[in-house]
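Peer 1: If you scroll down you'll find the structure; I have some questions about it.
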């Protein structure tokens, strides 16, 4: 009733009001990071205020360009709802919504999304998204002729641009350092940066020259008479950081079971990306981190395709979201459901992926075998769900997905308990391989897809832009184990394991593991080469 009594307003009024709402209430993370670099003292406070005005001007310009008579309300409502959630994740977890994070969000399944839901998120949604959206929906927008609309838009853009330029020149010494030295600060501008990232993601996804699946290593083959048969288990971990892995001199022994095994521990191993959606397809591709492009990789065969062509039997079991396209052309089994995973309580456990593996081996009497196990591992923020009560060694633990409500100690305890669970899982893999030692040259390779931030400098989870991501998100654990029939110089490998390595080497290491001959093989990128 109230809205029906109000006079129609011009579109520019709605645009400015929404932009002002976002600058004041949806940019907490942006102004927090700005004030960390420019403490609110002396002239800095005026510069920070000027940034707010510039951000308002830029937002008004963007919305003015995007919105027209018939798209104004739908677009503003959609952006209000999205921006409210972006504000929540940036304020609470200090994440940056870049094109890689957008890919992550689009590929996140319902189970992972449920782990992120919280009451505070609903509050953000209602106050910054739903209520303003209702207001936008109910207000009346004054009708204007097309020519009049163009003139009005031109005026708004000209005024907003003039204000921004005047302020930038007035505080030029500040803006020079802001633009040149502190580029990461702009990553937190909401909604400006995620809109830019969305455009970049769309450009990467839809404006590329790739089609079909380009073959690689078409000459790949295993020489006749290569004996004994190989049985390799590759375990792809989730969100485990190097410095919380007990084998790497962590103050807690989070890997007591692995310590009892004759394993090779890689101490300087780095990931391709800081999120699963990048790291997993990147590590299985032939491009390496520097040459990786998601669309190029998506339309090019990966190492599993090469091994399959060479005659290797390949099985991928997944207790994570999915294989991110890596296993599209091989045998793939989803273990996030009780229909396939026989070890499930409040969620399905990684250990369930081991059930029935012997039957798979027994039904493949010829050729080498590669089994990939993609863990749920340390997937956050609900670390407390990732392990059973038997592994709750470190207490008290954070029992919520709202990490800001927990102390650093509680978050770390829950996270470390999950590594204890993975430690046992890996030794179960080794035990399984030992049971096949008589008939195969067996081996296990474990590596995490990326690391994790646990609140250091206000950062949580992962997915930060690689160039500025902390070491905790890029430095990952990696270990190897070999059965008694596998011919390898462990002393040489142990020495090499102390040197820097990366996920770029997985492609060539798997070729080496399975003795696949191909001209694309590069021994210097084969982690096993040092032991031959």
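Peer 1: Looking at residue 235, is it within 19 Å of the chain's Cα centre (by Cα), surrounded by fewer than 24 Cβ atoms within 10 Å (Cβ to Cβ) and under 23 Å from residue 493 (Cα atoms)?
Peer 2: Answer is yes for this residue.
Peer 1: Can you pull out the residues in the stretch 172-200 that are surrounded by fewer than 18 Cβ atoms within 10 Å (Cβ to Cβ) and either outside the structural domain of residue 45 (by TED's automatic domain parsing) or not in a helix (DSSP H, G or I) (or both)?
Peer 2: Listed by number, the residues that qualify are 181, 182.
Every residue, every condition in (1) part of a strand (DSSP E or B); (2) touching a residue at least 12 places away in the same chain (Cβ under 8 Å), yes or no:
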site: 234; (1), (2): yes, yes
site: 250; (1), (2): no, no
site: 267; (1), (2): yes, yes
site: 272; (1), (2): no, yes
site: 283; (1), (2): no, yes
site: 286; (1), (2): no, yes
site: 295; (1), (2): no, yes
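Peer 1: Moving on. Considering (1) more than 25 Å from residue 222 (Cβ to Cβ); (2) under 26 Å from the mean Cα position of the chain (by Cα), say which one residue 526 fails and leave the rest.
Peer 2: (1) is the only condition that residue 526 fails.
Peer 1: Select from the stretch 301-319 the residues that are out of contact with any helix residue (DSSP H, G or I) (no Cβ under 7 Å at 6 or more places or on another chain) and surrounded by 19 or more Cβ atoms within 10 Å (Cβ to Cβ) and list them in ascending order.
Peer 2: Listed by number, the residues that qualify are 301, 305, 306, 310, 312, 313, 316, 318.
Peer 1: Considering only residues that are in a helix (DSSP H, G or I) and farther than 21 Å from residue 349 by Cβ, look in the stretch 397-418 and name the one that is modelled with the lowest pLDDT. Give the steps one after another, and end with the answer.
Peer 2: Restricting attention to the stretch 397-418, the residues satisfying the condition of being in a helix (DSSP H, G or I) are 403-405, 408-418.
Pick out the ones that are also farther than 21 Å from residue 349 by Cβ and you get 403-405, 408-412.
Working: 403: 88, 404: 82, 405: 85, 408: 94, 409: 97, 410: 96, 411: 96, 412: 97.
Once the filter is applied, the top-ranked residue is 404.
Peer 1: Exactly one condition in (1) loosely packed, with under 12 Cβ neighbours inside 10 Å; (2) in contact with a helix residue (DSSP H, G or I) (Cβ under 8 Å, 6 or more places away or on another chain) is not met by residue 145; state its number.
Peer 2: That leaves (2) as the condition not met.
Peer 1: Here is a follow-up. The conditions are (1) exposed (fewer than 15 other Cβ atoms within 10 Å of the Cβ); (2) under 18 Å from the mean Cα position of the chain (by Cα); (3) at pLDDT 95 or above, and residue 329 fails exactly one of them. Which is it?
Peer 2: Single failed check for residue 329: (2).
The values are calculated or read from the model by the stated rules, or taken from the named source; none is laboratory data. Quick caveat, the model's predicted, so the values are computed rather than measured. Every residue, glycine as well, gets a Cβ built from its backbone with ideal geometry; the counts of neighbours run over all protein chains shown.
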